[in-house]
Amino acid sequence: MSSSLCSSLSLSSPSINPKSPIRFRSKSMLSTIRCAVGEPLLLNAVRGEKVERPPVWLMRQAGRYMKSYQLICEKYPSFRERSENVDLVVEISLQPWKVFKPDGVILFSDILTPLPGMNIPFDIVKGKGPVIYNPLRTAEDVDQVTEFVPEESVPYVGEALTILREEVKNDAAVLGFVGAPFTLASYVVEGGSSKHFSKIKKLAFSDPKVLHALLQKFTTSMAKYIKYQADNGAQAVQIFDSWATELSPVDFEEFSLPYLKQIVDTVKATHPNLPLILYASGSGGLLERLSLTSVDVVSLDWTVDMAEGRKRLGADIAVQGNVDPGVLFGSKEFITNRILDTVRKAGNSKHILNLGHGIVVGTPEENVAHFFEVAKGIRY
Ligand code: CP3
């Protein structure tokens, strides 16, 4: 940590409440600090145990902002190959781990990866994003969707998670993830990414039975997938309901909430200690409803102030987030101050520091390094 940075971290900095006992240590001292013996820091924090600082990782931390990932993309231009070959999955997942030592190492994969295992072919096309070749819109289409058997369809996911656990040991938590039923349905009904979500809303508001049948199939399959990931090494699993917030609250209560709750209940019945994290983009209007799912952690985007989000969610639930990914394009001093502001507002327990959505392509790697260095230097 440079001396100029150190001076910007002093408690007299105007952005820090002097009453908040946040302290910092230099990089050289950091090497001697380990998370609580035994379990990774992230798991201790989620369970509300006393931790010395918030654990930190970034959504989409493996990916295109890293030069090392771009080099792999040149050699292996197909996203499906990069995300379905065990060696590549492990190598890409570990790229940010090797450079930044985050407290969470997320599997390199995609929420759409299970789709072919449910008889829904897809690809991710450069410049276009996800493409579902035969969008599902009728009862007959939904009938064709088969139940996901992870060990048969995506054995590389289990193998990669197992290897990641061996590589990372308990120095970080290995994170798995799945797409939530509504968000998966939005891709397969729309045929890809969408701006207005008009096709899935047409289905929801004119033929809801068909959509419910699809959502139930995804629910059963994703609950199975979470258990599979946990059984093969994932120590916490994040559920991405990125587009559920396109629904008004009353529609969220019909088309997303019951399915999320069913996934959580099904997983907790056999894996009661597996932390589940829920993320929805733009969730400010839905926070109280997100906590009704009984997840352990709600991941906040940056449209809600951390202090207010914390208050609205209540003390029992842990929070993740909520730094605007755009902050990583700012000056180092701005990045530092925003981290400190977020950490102070989140309080000194049950907080995982993260961005409010995935890291953006073009983010300078040195700013990401700075983010981690500052975050890991914090002491409550
Ligand atoms: O966090 C991580 O590092 C794990 C990797 C990860 C990817 N996708 C890799 C990926 C995760 C967690 C996802 C989840 C995902 N995928 C979500 C939920 C998170 C969110 O952003 O809300 C969604 C909605 C998708 C669907 C999807 N896949 C989109 C919208 C895109 C981007 C399309 C584009 O070209 O910009 C993808 C492709 C994708 N998945 C990329 C990565 C790194 C970019 C393509 C590439 O690297 O070649």
Legend entry - Electrostatic dipole magnitude of segment 235-380 [Cβ: Lys, Arg +1; Asp, Glu -1; Cα centre; debye, to 20]: 580 debye
Legend entry - From phi via Karplus (6.51, -1.76, 1.60), per-residue ³J(HN,Hα) for segment 141-156 in Hz, x at Gly/Pro: 4, 5, 4, 6, 6, 9, 6, 6, 10, x, 5, 8, 8, 10, x, 5
Inset, instruction - Please give every one of the aspartates and glutamates within straight-line cross-link reach of Lys224, meaning a C-alpha to C-alpha distance under 20 Å, and leave out same-chain neighbours fewer than 8 residues apart. - result: Glu84, Asp110, Asp143, Glu147, Glu151, Glu152, Glu159, Asp241, Asp265, Asp296
Inset, instruction - Can you tell me the 0 to 90 degree angle between the C-alpha axis of helix 332-346 and the longest principal axis of the chain, rounded to 10? - result: 70 degrees
Legend entry - 0 to 90° range, to nearest 10: angle between helix 181-190 axis and the chain longest Cα axis: 60 degrees
Inset, instruction - Would you mind classifying segment 216-319 by shape? Square roots of the alpha carbon gyration tensor eigenvalues, ordered a ≥ b ≥ c; an a/c under 1.5 is rounded, otherwise it is prolate if a/b is larger than b/c and oblate if not. - result: oblate
Legend entry - Cα long-axis angle, helix 86-100 against the chain (0 to 90 degrees, to the nearest 10): 30 degrees
Inset, instruction - Can you find, among Gly48, Gly158, Met306, the residue farthest towards the positive end of the dipole of segment 41-377? Put +1 on the C-beta of Lys and Arg, -1 on that of Asp and Glu. - result: Met306
Inset, instruction - Using +1 at the Cβ of each Lys and Arg and -1 at the Cβ of each Asp and Glu in segment 41-377, identify which of Gly347, Gly179, Val149 lies farthest towards the dipole's positive end. - result: Gly347
Legend entry - Euclidean distance between Cα centres, segment 66-110 to segment 219-272, Å: 25 Å
Legend entry - Paramagnetic reach from Val131 in segment 179-193 [backbone N under 18 Å; point 7 Å along Cα→Cβ]: 187-193
Inset, instruction - Check cross-link reach from Lys209 to the lysines: straight Cα distance under 18 Å, and skip same-chain residues fewer than eight apart. - result: Lys199, Lys201, Lys217
Inset, instruction - Can you spot the lysines whose alpha carbon is less than 28 Å from Lys376's alpha carbon? Ignore those fewer than 8 places along the same chain. - result: Lys19, Lys27, Lys50, Lys67, Lys98, Lys101, Lys169, Lys311, Lys332, Lys345, Lys350
Legend entry - Sum of side-chain charges, Glu167 neighbourhood, beta-carbon under 14 Å (Lys, Arg +1; Asp, Glu -1): -1
Legend entry - Volume per residue of the C-alpha convex hull in segment 41-377, rounded to whole Å³: 118 Å³
Inset, instruction - Per DSSP H run of at least 4 residues, take -39500 (n - 2.57); add these up for the chain, divide by its residues and hand me the 222 nm value, nearest 500 deg cm²/dmol. - result: -13500 deg cm²/dmol
Inset, instruction - Pull up the DSSP beta bridges for the chain and report the antiparallel fraction as a percent, rounded to 5. - result: 20 percent
Legend entry - Cα centre as origin, Lys/Arg/Asp/Glu Cβ charges: segment 41-377 dipole, Debye: 640 debye
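Taken together, the values in this text are just the output of simple stated rules run on the coordinates, not laboratory data. Since the model is a prediction, treat every value here as computed from it, not as a measurement. For neighbour counting, all protein chains shown are included, and Cβ atoms are generated from backbone atoms with ideal geometry for every residue, glycine included.
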